[in-house]
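Accompanying notes for the structure given below.
The values are calculated or read from the model by the stated rules, or taken from the named source; none is laboratory data. Quick caveat: nothing in here was measured; it's all calculated off a predicted structure. Every residue, glycine as well, gets a Cβ built from its backbone with ideal geometry; the counts of neighbours run over all protein chains shown.
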Amino acid sequence: MPTVLARAPGRVEFIGNHTDYNGGAVLGAAIDRYVWAAAAPNPAGRWRLFSVGGAAVLELPSDPGTKYSGTDSWANYPLGVWRSLRDFSLPQPPGFDLLVDSNLPPGAGLSSSAALELAVALALVSLAGKTDLPPAQLAALGRHAENHHVGVPCGILDQGTCAFGRAGHLVHIDCRGPVFSHVPFPADAHLWIFNTREKHALIDGLYAQRHEECLAAAKTLGVARLTDLTPAQLRAGEGKLPPVLAKRARHIVEEQARVQETVTALQRRDLAVVGRLLTASHRSSQHLFENSTPALDRLVDLLEKHPAVFGARLTGGGFGGAAMALTRDRFTEADAVQIERCCAANHDRAPEMLHLQTADGATRIGLQAGGMD
Ligand code: GLA
């Protein structure tokens, strides 16, 4: 019988591609697809993990060097959170049984990992008796687990959006603080996701390679972070960089400018401009940052031509995963099916389509004995 239930949403990266770990800004949306974590004390002091549909019960190892692999690798996220609680001087329950479930497609670039981290963190700290974990600390804890215990050098976009999500809003993160704020999501626009089903796995090394390229470009240009440069400053210094690093730097510096322009356009409710910025972001990923794939490019090509689509782009780390589209009211399920058919005719696997709503951030949703709190 669970005594604590917590829920954390996935996220869409609205715009701000790889700007987060470069000290820039991002806009994300928490979405109405979730990971749930239910936890109960284990009186024998064991630390046990279960997943709905998973075959095995996993026991957390006490040896700090141990990691899971293969079909059990999902357990590295709860394990990383468990270890991070100690790193953050937060209470760890002495023993627990933890069950997780999800309706977020894994590997689609919708942050199923951050949602898992935050749901597990909330469930475990609540079980240990601490019921107030501010969202900024929750986001920092999730990122710490991912950076230091899972081994992905991600920024704060995923965990920050998942912690600070608000229905009807986008989450704006100035990643230097980080400082979190909200921008209203336009009431007359819709978010669609087209998941290529090409599994994107940040752990595979391409994400870390891009991170290193950005650091190397910043170092050569004599700045701490690429987002310290304006587009004009970068143009003046670009000649010092090898061609590949110049492309990476241009993507980051121009993407940073696009995030600011998107916020302004959203405030003016100018969705045509927002759409153009989204598609420009994709083209920059495609040609400069080179983190897109042919299947993502084809989706964006098709979506861009559709009269009910404002703009489209890959969402998240890239190298597979999903494209998102910002659409008008009149973009329907039938339009989405048509896009799906065109992809299949192009010999791609038919994408999985999701019409998403913006959602609230991670929260503890229930307690035993007194019922729901
Ligand atoms: C992944 C990472 C984020 C961010 C995006 C790209 O989602 O986890 O921190 O870097 O890629 O913008």
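Among the residues of the range 10-35, the ones that are away from the ligand (no atom under 14 Å from the Cβ) and out of contact with any helix residue (DSSP H, G or I) (no Cβ under 6 Å at 6 or more places or on another chain) come to 3 in all.
Screening Ala280 with (1) farther than 30 Å from Arg341 by Cα; (2) in contact (Cβ under 8 Å) with a residue 12 or more places away in the chain; (3) assigned by TED's automatic domain parsing to the domain that holds His306 gives one miss only, at (1).
Restricting attention to the range 76-83, does a residue exist that is surrounded by 17 or more Cβ atoms within 10 Å (Cβ to Cβ), farther than 17 Å from Ala163 by Cβ, within 16 Å of the ligand (Cβ to nearest atom) and in the same structural domain as Thr131 (by TED's automatic domain parsing)? Taking every residue of the range 76-83 in turn, at least one turns out to be surrounded by 17 or more Cβ atoms within 10 Å (Cβ to Cβ), farther than 17 Å from Ala163 by Cβ, within 16 Å of the ligand (Cβ to nearest atom) and in the same structural domain as Thr131 (by TED's automatic domain parsing). Exactly one residue among Ser102, Ser112, Ser126, Ser89 is touching a helix residue (DSSP H, G or I) at 6+ places or on another chain (Cβ under 7 Å) and of a type in the set (S, T, N, Q), and that residue is Ser102. Exactly one residue among Leu98, Leu58, Leu79, Leu90 is farther than 30 Å from Phe185 by Cβ, in contact (Cβ under 8 Å) with a residue 60 or more places away in the chain and more than 22 Å from the chain's Cα centre (by Cα), and that residue is Leu98. Restrict the check to the range 143-154 and report whether at least one residue is surrounded by 17 or more Cβ atoms within 10 Å (Cβ to Cβ), in a strand (DSSP E or B) and free of Cβ contacts under 8 Å to residues at least 60 places away in the same chain. Within the range 143-154, not a single residue is surrounded by 17 or more Cβ atoms within 10 Å (Cβ to Cβ), in a strand (DSSP E or B) and free of Cβ contacts under 8 Å to residues at least 60 places away in the same chain.
Remark: Phe164 falls outside the filter, which requires a residue to be farther than 30 Å from Glu198 by Cα and either among the aromatic types (Phe, Trp, Tyr) or within 11 Å of the ligand (Cβ to nearest atom) (or both).
Against the definition (in a strand (DSSP E or B), under 22 Å from the mean Cα position of the chain (by Cα) and either surrounded by 22 or more Cβ atoms within 10 Å (Cβ to Cβ) or within 16 Å of the ligand (Cβ to nearest atom) (or both)), how does Leu49 come out, yes or no?
No: the conditions fail for Leu49.
Would you mind listing the helices (runs of 4 or more DSSP H) fully within the range 269-373 where at least 3 residues are within 16 Å of the ligand (Cβ to nearest atom) and either surrounded by 18 or more Cβ atoms within 10 Å (Cβ to Cβ) or within 23 Å of the chain's Cα centre (by Cα) (or both)?
Details: elements: 271-284, 294-305, 333-345.
Passing ranges, in order: 271-284.
Listed by first and then second residue, the pairs linking a residue in the range 110-135 that is without any contact (Cβ under 8 Å) to a residue 60 or more places away in the chain to a residue that is in a helix (DSSP H, G or I) and more than 16 Å from the ligand (Cβ to nearest atom), with Cβ atoms under 6 Å apart and 6 or more places separating them unless they lie on different chains, are Leu133/Val125.
For beta carbons closer than 6 Å, sequence separation of 6+ or different chains, a first residue in the range 235-261 that is assigned by TED's automatic domain parsing to the domain that holds Glu212 and without any contact (Cβ under 8 Å) to a residue 40 or more places away in the chain and a second that is among the charged types (D, E, K, R) and assigned to a helix (DSSP H, G or I), the qualifying pairs are Leu245/Glu213; Ala246/Glu238.
In summary, Ser112 fulfils each of the numbered conditions (1) within 16 Å of the ligand (Cβ to nearest atom); (2) more than 30 Å from Ala350 (Cα to Cα); (3) touching a Pro at 6+ places or on another chain (Cβ under 6 Å) with the single exception of condition (2). A residue that is under 25 Å from His182 (Cβ atoms) and of a type in the set (Phe, Trp, Tyr) can be found somewhere in the range 12-19.
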